[in-house]
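Colleague: Submitted below is the structure of interest, expressed as structure tokens.
The values are calculated or read from the model by the stated rules, or taken from the named source; none is laboratory data. These numbers come from a predicted model, not from an experiment. Using ideal geometry, Cβ is built from the backbone for each residue, glycine included, and neighbour counts are taken over all protein chains shown.
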Amino acid sequence: MGIEKNISESEWKVLETLWDKPGSLIGEIREALSKSGWSYSTIKTLVLRLTQKGIVRTEESPQGKRYYPAVDEEASRRSETRNFIDRIYKGSVHMMVSNLVKGSGLSEAETAELMELIDKIEE
């Protein structure tokens, strides 16, 4: 199951941390996100929001609450990609790919790889 509710970029970073290390204590999440510059209370708030949305679940342990992702990583990435395409490109994958190719300066090899992927999708 993927994410069914919108989450912020900050919440996404917390979720990625839990996919990397499920069962983390809040201190471990904070340590993993130390480069973000976020305070303990900010991280705690983000985790609480994700828990309230049903995206993260908790289990009690002798060391304290452990946090686990309650959503599948791959399904969540697909869902977020679809939300992005719908929001930014009005649901048009063609428009997104066209914009990517025009504005990204892809090499010939990258363009060929992209075309192969598109061909596979169309089959």
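Colleague: Taking the stated definitions as given, is G23 surrounded by fewer than 16 Cβ atoms within 10 Å (Cβ to Cβ) and within 21 Å of A75 (Cβ to Cβ)?
Modeller: So G23 passes the test.
Colleague: So, E74, is that one surrounded by fewer than 14 Cβ atoms within 10 Å (Cβ to Cβ), within 30 Å of M96 (Cα to Cα) and not assigned by TED's automatic domain parsing to the domain that holds M96 or not?
Modeller: Yes; evaluated as a whole, the condition is true for this residue.
Colleague: Hey, another quick one. Would you be able to tell me the number of residues in the range 103-123 that are modelled with pLDDT under 80 and charged (D, E, K, R)?
Modeller: 4
Colleague: Considering only residues that are touching a strand residue (DSSP E or B) at 6+ places or on another chain (Cβ under 8 Å) and within 16 Å of E9 (Cα to Cα), look in the range 33-68 and name the one that is surrounded by the most Cβ atoms within 10 Å (Cβ to Cβ).
Modeller: L50
Colleague: Now, a different point. If we scan the range 71-84, do we find a residue that is at pLDDT 90 or above and among the hydrophobic types (A, V, I, L, M, F, W, C)?
Modeller: Yes - at least one qualifying residue is present in the range 71-84.
Colleague: Right, something else. Taking the condition at pLDDT 95 or above and under 15 Å from the mean Cα position of the chain (by Cα), does L15 pass?
Modeller: yes
Colleague: Next question, about the same structure. Could you give every pair whose Cβ atoms fall below 7 Å, whose first residue belongs to the range 68-80 and is farther than 15 Å from K5 by Cβ, and whose second residue is among the aromatic types (F, W, Y) and not in a loop (DSSP other than H, G, I, E, B), counting only separations of at least 6 or pairs across chains?
Modeller: Partner pairs satisfying both residue conditions: E73/W19.
Colleague: State which residue pairs qualify: first residue within 12 Å of R49 (Cβ to Cβ) and inside the range 5-16, second residue among the aromatic types (F, W, Y) in any location, beta carbons under 8 Å apart, and separation of 6 or more residues or different chains.
Modeller: Taking only residues 6 or more apart or on different chains, the pairs are S10/W38.
Colleague: List the pairs whose first member sits in the range 81-96 and is closer than 21 Å to E9 by Cβ, whose second member is surrounded by 11 or more Cβ atoms within 10 Å (Cβ to Cβ) and among the basic types (K, R), and whose Cβ atoms are under 9 Å apart, counting only residues at least 6 apart or on separate chains?
Modeller: Taking only residues 6 or more apart or on different chains, not a single pair turns up.
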